[in-house]
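The values are calculated or read from the model by the stated rules, or taken from the named source; none is laboratory data. Everything quoted here is computed from the prediction, not taken from an experiment. Because the Cβ atoms are built from the backbone with ideal geometry, glycine has one as well, and the counts that use them run over all protein chains shown. Surface areas here come from the heavy atoms of the whole protein model, side chains and all, with no ligands, DNA or RNA. Shrake-Rupley method; radii C 1.70, N 1.55, O 1.52, S 1.80 Å.
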Amino acid sequence: MSEPLYAIYMGDCLKLMPQLPPQSMDLVFADPPFNIGYEYDQYNDRRSDLDYLTWTEAWLAEVKRVLKPTGSVYVAIGDEYAAEMKVRLDALGLTMRNWIIWHYTFGVNCTKKFNRSHAHILYYVADPKRFTFNADAVRVPSARQTKYADRRANPSGKIPDDTWTIPRVCGTFKERTDHPCQMPEAVLERIIRASTNPGDCVLDPFAGSGTT
């Protein structure tokens with residue numbers, strides 16, 4: 001691309017990502033359509049399993065190509081394809097660091113099954129010995145601090161658990177847009193603080209409402 005990297009590009013990620021230089025991204029965050037029938041304006045979210053997974057393999061291959069040797073990848077996905085996504089990330093030679101559960105409130109109310117209140121975020125790195133993880137940038141108060149006043153607690157807090165309780169963006173939130181499945185800023189803030197340094201380059205192949 002002759003245009004600057006720090007920009008939003010409108011188009012099909014499978015046509016745009018091949019124009020990016022190889023090994024150019026420090027962090028990739030991908031929140032693809034879950035193929036569960038969301039009403040997007042143009043995209044068909046009711047593909048066959050074969051079609052959806054073939055498409056998934058194509059964009060994941062581009063993600064691997066543009067990822068730096070020290071880079072990290074986070075992929076958000078629903079229950080229906082979480083296992084298939086892990087298999088494909090493993091096959092690319094990436095290394096899983098965490099299978100994060102994003103537990104949210106303000107979920108979709110169901111009538112004939114238990115309400116869905118979580119999504120999966122698969123956290124991978126290109127090299128398990130060389131990657132960015134800024135623990136101090138994402139620490140949270142620990143139970144030792146908040147409940148027990150334990151002097152052994154780290155005063156700076158602890159690294160968050162792999163279950164993140166963060167509300168979905170509901171209609172009254174200030175950050176709310178008209179996107180049907182908006183990612184909360186708090187989720188991306190934690191990911192970007194942990195896995196990048198100032199000046200690093202972040203790629204979001206599925207820009208959605210622009211949270212990243």
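Modelled spin-label separation between residue 143 and residue 70, with each label point placed 7 Å from Cα along the Cα-to-Cβ direction: 3.6 nm.
Extension gain for the segment residue 83 to residue 58, taken as residue separation times 0.36 nm less the Cα-Cα distance, is 7.3 nm to one decimal.
Our summary gives the chain a relative contact order of 25 percent, counting only alpha carbon pairs under 8 angstrom and 6 or more residues apart.
Computed over the Cα atoms of the chain, the ratio of the radius of gyration to the Kirkwood radius (Rg/Rh) comes to 0.97. Across the cross-link table entries 113/158; 15/129; 64/129; 64/158; 86/129; 86/113, which are compared at the Cα atoms, the separations over 28 Å belong to 113/158; 15/129; 64/158.
Annotation for residue 175 and residue 24: the two label points, set 7 Å from Cα along the Cα-Cβ direction, are 2.8 nm apart. With all protein chains in place and a 1.4 Å probe, the accessible surface of the stretch 39-188 carries 52 percent carbon and sulfur. Partners of residue 174 within straight-line reach, counting aspartates and glutamates whose Cα lies under 17 Å from its Cα and excluding those fewer than 8 residues away in the same chain: 185, 189. For the chain, the solvent-accessible area works out to 58 Å² per residue, with a probe of 1.4 Å and every protein chain left in place.
Under the simplified labelling scheme, the residue 47-residue 186 pair shows an inter-label distance of 3.2 nm, with each label point 7 Å from Cα along Cα→Cβ. For residue 165, the residues whose modelled amide H falls within less than 5 Å of its own, excluding neighbours fewer than 5 places apart on the same chain, are 103. To the nearest 10, the accessible area of residue 8 is 140 Å² with a 1.4 Å probe.
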